[in-house]
Amino acid sequence: MRIGTPLSHNSTKILLLGSGELGKEFVIEAMRLGVEVIAVDSYQFAPAQQVAHRYYVIDMKNPDQIRNLVYREKPDFIVPEIEAIDTDVLLELEKEGFTVVPSAKAVKYTMNRIGIRKLAAEEVGLETSAYRFASDIDTYRKAVDDIGLPVVVKPVMSSSGKGQSIVRDKKDIDKAWYYAQENARGKGGEVIIEEFIDFDFEVTLLTVRTKNQGTLFCEPIGHIQIDGDYHESWQPQSMSQKAIEKAKEMATKITDALGGYGIFGCELFVKGDQVWFNEISPRPHDTGMVTLVSQNMSEFEIHLRAILGLPIDIKLISPSASYCFHAPDWGVAPIYEGIERALSIPDTKVRIFGKPTTRPKRRMGVVLATGRDTGEARRRVKEAVQNIKVII
């Protein structure tokens, strides 16, 4: 692998599609290795745009705008960071000789819950919860009845838990349908109805496909989601050896089916020695922000090295935890208070994402901490985050 000089004729160039907080950390790692980065998003001054060499604001669901930008910049790598992208044009661009990370197939499958669930359960043969799809309310009601309460209802096209709910009572069945429709990417449509698994805990297994080292894994990451959105994570999550082996086997099978090189966030349910596949993302995972302090290489550095074909050696250096803080309401140019008090707690760090606008419950930053064990790290981040206020 040869890396050129940024902003010159021989630069090694990455076009980042999506410029959120995960993209920001990825750009920082790319900058450290002298890679030129162009950050793209649907709004101006997104977090990754603030640290990239240059940026564009386009509608990433418009295939013509993506194609025009790709041919203008001619990047060595196209790296999607979000779900809201026209994936068909990525398939076309890959056929035309551009490199999509980890692969155009992986991006297309994982951005649609129908595709990835059918691939995992029906083609790869992974154990999943029982599921049905429905595109109208009558089919949806029958699917809920077939599976039996409680069920989890999600829009087929969404991300970060938007539109997701757990239905435990008959009176909430229709409410969940309309909630999914209102919060789906685009204008509603199909939903997936899943059996509710009574798991002990949920983990993210960061799985890395490499050119020369096979498939690598980070230590399991435990996490807590609220309304389908990550709030807290910690590493390592204790699991039985049998469950860890099963999780790695499942993650290897699904990532091999998706192909390409890079890091995947494989979400799994665990109960004792049993493991069920839930979802997977073909990029750094939000729960993996804990790796900014827990490992010798963060998930962002690992992703970049896998893309570039560079050696990867993953080591856990300390039990660690992360905890997000959120905006209370709609606003512009928020102010952050309590950082000094938060950082007075031993072995803590604060990362403010720098998002220019706020909305209720929007993730605006994260607190990270190490500890003698995950319990101590989790106590530290919870104490620190209580001091931080996002003022509109």
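Throughout, read-outs are computed from the coordinates displayed, never taken from laboratory work. These figures come from a predicted structure and were not determined experimentally. Note that each Cβ is placed from the backbone with ideal geometry, even for glycine, and that neighbours are counted across all protein chains shown.
Remark: relative contact order (the chain) = 13 percent; criterion is Cα-Cα distance under 8 angstrom and separation of 6 or more residues. Here each label is just a point 7 Å from Cα along the line to Cβ, and for Arg72 and Glu376 those points are 5.2 nm apart. Along the chain, the exposed loop sites are GluC sites (Glu not before Pro) outside DSSP states H, G, I, E and B with at most 16 other Cβ atoms within 10 Å, and the longest stretch free of them is 128-392. For the pair the range 308-339 / the range 165-227, the C-alpha centres are spaced 21 Å from each other.
Once C-alpha pairs closer than 8 Å and six or more residues apart are averaged by separation and normalised to the residue number of the range 13-100, the relative contact order reads 32 percent. Pairwise inverse Cα distances across the chain, averaged and inverted, put the Kirkwood hydrodynamic radius at 21.5 Å.
Between the beta carbons of Ile335 and Ser135, assuming R0 = 45 Å, the FRET efficiency works out to 0.50 to the nearest 0.05.
Taking the Cα of Met31, stepping 7 Å toward and past its beta carbon, and measuring to each backbone N in the range 290-313: which are under 16 Å? The answer is 300-301. Approximating the spin labels as points 7 Å out from Cα along Cα→Cβ, the Ile58-to-Ile114 distance works out to 2.7 nm. Loop-resident trypsin sites (Lys or Arg not before Pro) (DSSP state other than H, G, I, E or B) in the range 31-79 with no more than 16 further Cβ atoms inside 10 Å of their Cβ: Lys61. From the alpha carbon centroid of the range 98-164 to that of the range 363-381 is 32 Å. Using a cut-off of 9 Å between beta-carbons, work out the net charge of the residues near Leu206 (Lys and Arg +1, Asp and Glu -1, Leu206 not included). Summing Lys/Arg as +1 and Asp/Glu as -1 gives -2.
Were the residues from Leu91 through Ala257 laid out at 0.36 nm apart, the gain over their Cα-Cα distance would be 58.2 nm. Using only the Cα atoms of the range 18-159, build the gyration tensor, take square roots of its eigenvalues as a ≥ b ≥ c, and label the shape rounded, prolate or oblate: rounded if a/c is under 1.5, else prolate if a/b is larger than b/c, else oblate. Prolate, since a/c reaches 1.5 and a/b exceeds b/c.
Here the gap between Asp174 and Tyr43, fully extended at 0.36 nm per residue and compared with their Cα-Cα distance, gives a gain of 43.8 nm. Estimated purely from DSSP H runs of n ≥ 4, each contributing -39500 (n - 2.57), the mean residue ellipticity at 222 nm for the chain is -8500 deg cm²/dmol once divided by its residues.
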